[in-house]
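The values are calculated or read from the model by the stated rules, or taken from the named source; none is laboratory data. Source: prediction; values computed, not measured. Cβ placement follows ideal geometry from the backbone for every residue including glycine, while neighbour counts extend to all protein chains displayed. Quick note on the areas: whole protein, heavy atoms, side chains included, nothing else; ligands and nucleic acids left out. Shrake-Rupley method; radii C 1.70, N 1.55, O 1.52, S 1.80 Å.
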Amino acid sequence: MPHVTLQISPFGPIVDVLLGVSGARAAALQAAAQPIPPAVQIRGLIDTGASGTCIDPASLKSLGLSPTGVVPILTPSTGNLPHFCNQFDVSLTLLHADHRLHFDTVAVMESNLAAQGIHALIGRDILGKCLFVYDGQAGTFTLAF
């Protein structure tokens, strides 16, 4: 099983992510002889508390995507009242010099994250396909897939 072990940054377990249009969207654009927007590299925080993956609006905007729906989310700050977020279908690739984990289509939620120094929260929808080890004493985390 390929794996990467990285240092835990002051922001937490950060991974490089390549964000692109979904495979279906790329195929539709290609069939219509339209250009496919280039993927963008962003910083993602691995978040075991997030059930789904969230992406900052500026990163989504660069891909020229339209929402596929609206989903309610609950956070510690919203309590029992859901906050409604736009949902988008994207492709996601977790990057490392030696290994890549690619997802052709992932439904992600739009969330303002840039003020936190990140552009994505990598949630349990992605982590459910990985082994994640957080070694606080060593100051490292390992992601295997």
Inset, instruction - Mind listing just one residue for me: the one in segment 109-126 that is part of a helix (DSSP H, G or I) and open to solvent by 20 Å² or more (accessible area, probe 1.4 Å) and, of those, nearest to residue 5 (Cα to Cα)? - result: 124
Inset, instruction - Mind counting the residues in segment 52-68 that are closer than 16 Å to residue 103 by Cβ and outside any strand (DSSP E or B)? - result: 7
Inset, instruction - Please enumerate the residues belonging to segment 1-47 that are without any contact (Cβ under 8 Å) to a residue 12 or more places away in the chain, open to solvent by less than 70 Å² (accessible area, probe 1.4 Å) and more than 23 Å from residue 98 (Cα to Cα). - result: 27, 28, 29, 32
Inset, instruction - Pull up segment 69-101, narrow it to residues that are under 20 Å from residue 57 (Cα atoms), open to solvent by less than 90 Å² (accessible area, probe 1.4 Å) and part of a loop (DSSP other than H, G, I, E, B), then point me to the one that is modelled with the lowest pLDDT. - result: 78
Inset, instruction - Hey, can you tell me all the residues within segment 16-46 that are farther than 18 Å from residue 60 by Cα and of a type in the set (Val, Ile, Thr)? - result: 46
Legend entry - Flag if residue 121 is over 20 Å from residue 25 (Cβ atoms), under 13 Å from the mean Cα position of the chain (by Cα) and of a type in the set (A, V, I, L, M, F, W, C): yes
Inset, instruction - Among the residues of segment 1-32, write down those that are of a type outside the set (S, T, N, Q), under 24 Å from residue 88 (Cβ atoms) and in a loop (DSSP other than H, G, I, E, B). - result: 11, 13, 32
Legend entry - Residue satisfying all of: in segment 127-145; open to solvent by less than 60 Å² (accessible area, probe 1.4 Å) and of a type in the set (Phe, Trp, Tyr); farthest from the chain's Cα centre (by Cα) among these: 141
